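The values are calculated or read from the model by the stated rules, or taken from the named source; none is laboratory data. All values reported here derive from a predicted model rather than from experimental measurement. Here the Cβ positions follow ideal geometry from the backbone for every residue, glycine too, while neighbour counts run over all protein chains shown. Surface accessibility is based on the protein's heavy atoms, side chains included, excluding ligands, DNA and RNA. Shrake-Rupley method; radii C 1.70, N 1.55, O 1.52, S 1.80 Å.
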Amino acid sequence: MTASSFTSAELRNAVDLLSSPSLIRLITEIDDNGPIPPRKLASTLPDLSPHHLRRITHVARVHDLVRVAPGVGLELKTSGAELADFYDATARWARHHAYPTRICDFTSRIRCTLGLLEPLLATDPAGGSDLQTRTQLTNTQDGLEPSRPRDLLLQWLHANPQVTALLEPERESAA
């Protein structure tokens, strides 16, 4: 699976969106605990302001990750459930490699691993040899070989190209 069907700007947009701490938390909260009733969203994610909650739920809906189900609340759509699976697999890879550190929270592991993948996505390994690609992936940082998370991300992006579209950028500090 290659990144060649996406521009570097589209890949950057996707990584920016997917590494948003509030999106990671929203998706994993719903994945772990089920739909969130509308009136429970603020108490479920109490450290996010009402404006931030509205913004991230809007972004997640626009990108087809969640929907509001009548009588149930905010729930994951298929693409959101698959994103939660990607987050889980990425966190397992990062924990196995003690990346970025041996002790680290889930959201930071996802964000740092996506940061590690971003430059690898911008260079399409389809144009180079397998040896060159393996060398590039291995030499990325401290002998880490993030080919598995990279492949999973590309697979998810190809199934969900809507996340590469640019909305107003969300810039936030680490939670």
Item to check | Test item: Cα-centred dipole of the range 1-129, Lys/Arg +1 and Asp/Glu -1 on Cβ, debye | outcome: 360 debye
Checklist outcome for this item: With every protein chain in place, the accessible area of F6 for a 1.4 Å probe, in Å² rounded to the nearest 10, comes to 30 Å²
Next on the checklist: Solvent-accessible area of K77, probe 1.4 Å, all protein chains present, reported in Å² to the nearest ten, please.
Outcome noted: 70 Å²
Item to check | Options L41, L18, A89, ranked by Cα towards positive dipole end of the range 15-110, top entry (Cβ charges) | outcome: L41
Item to check | Per residue accessible area of the range 50-90, 1.4 Å probe, in Å² | outcome: 46 Å²
